[in-house]
1. Using alpha-carbon positions, what is the distance between the centroids of the stretch 186-247 and the stretch 149-182, in Å?
2. Add +1 for every Lys or Arg and -1 for every Asp or Glu among the other residues with Cβ under 14 Å from the Cβ of GLY95, and state the total.
3. Return the sequence-ordered ³J(HN,Hα) values of the stretch 59-64 in whole Hz as given by the Karplus equation 6.51 cos²θ - 1.76 cosθ + 1.60 applied to θ = phi - 60°, using x for Gly and Pro.
4. Can you list the HN-Hα couplings for the stretch 94-107, worked out from phi with the Karplus curve (6.51, -1.76, 1.60; θ = phi - 60°), rounded to whole Hz and with x for Gly and Pro?
5. Normalised by the number of residues in the chain, what is the relative contact order in percent for Cα pairs under 8 Å and 6+ residues apart?
6. Just add up the charged neighbours of ALA85: K/R +1, D/E -1, any other residue whose Cβ is under 11 Å from the Cβ of ALA85.
7. Report the extension gain between PHE199 and ALA239 in nm, rounded to one decimal, defined as 0.36 nm multiplied by the number of residues separating them, less their alpha carbon distance.
8. I want to check the label-to-label distance for ASP69 and ASP266. Put each point 7 Å from Cα in the C-beta direction and report it in nm to one decimal.
Amino acid sequence: MSYEPPTPDPVELVRKQVEALDRGDLDGVMSNVAEDVVLDGAALEDHFEGRVAVRDFLDQWFGLYEELDFELEEVSHLGDGVVFAVVSQDGHVVGSSGLVRQREGWVYLCVGGSIGRLTTYPDIEEARTAAERLAQERGWAVSGESTTPDLVGLVREQAEAANRRDLNAVMNAFAEDAIMTGGARGFPPSEGRAAIGRFIEDWFDAYEELHFEFEELSDLGNGVVFGVLIQDGRPVGTAAHVGQREGWVYIWARGLIVRLETTYFDIAEGRAAAERLAAERG
């Protein structure tokens, strides 16, 4: 029988990576990173996919500083490869004598002994909540238990994030290959998480004020959620408010949105489409 080395402990992977960051050893930082790694930075709304893109970002980030120190204040494995960490950065920007300090929550997803994803949050408690939710969702997927996430609750959380204009939290609910359609407005489908993020960011930017409220939400089964959403907003440069009432149809898989069909101006049509979809997926 051939020897198979044990899978590295996820906490140890994180510790080693932060130690390499503190040394400025970018080869060490990348040594246990998956080829298809994804890095999301909530504070700057950055998104990088693949080892090359992540390494290029790190080269540019370190190039901004004369000195840059990292400290791992807290780290814990929440299960199923999800690690939550609190990381502080202290640095002197090139050409400046001032000290820049950042303290963030980092959420790692480790798969097969490598780091597959890292999402950084300026709000520590938001990061902790996101990490706990991800660990729970992955636990359901791995165990194969019939218990499913509260999809209605997750949709409400996403709407609350939209009301805060927290784009990163909104996008955390979407799968990488998600599709969002808005045919009634004549918009072409947005395919992929990055494209959806750009569309939502442009939508937010079009309004001085924008509020979302679900007057109805129901889980129809088989990952399908139907909602009646009211949007009330004041477009940039105007004093008038614009209101919209629409039917939205969500398809969820593995705790993430894989498809969102918006702008059913005919609520009954949207409800019928959702019910039909739930029956087809059953």
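1. 11 Å
2. Summing Lys/Arg as +1 and Asp/Glu as -1 gives -2.
3. For the stretch 59-64, the Karplus curve yields 4, 5, 5, 5, x, 7 Hz.
4. Coupling constants for the stretch 94-107: 3, x, 10, 9, x, 9, 9, 10, 10, 10, 9, x, 10, 10 Hz.
5. 12 percent.
6. Net charge around ALA85: -2.
7. 12.0 nm
8. The two pseudo-label positions are separated by 6.6 nm.
Only the coordinates and a few stated rules stand behind these numbers; no lab work does. Model, not experiment: these values are computed from the prediction. Positions of Cβ are generated from backbone atoms using ideal geometry, with glycine treated the same way; all protein chains shown enter the neighbour counts.
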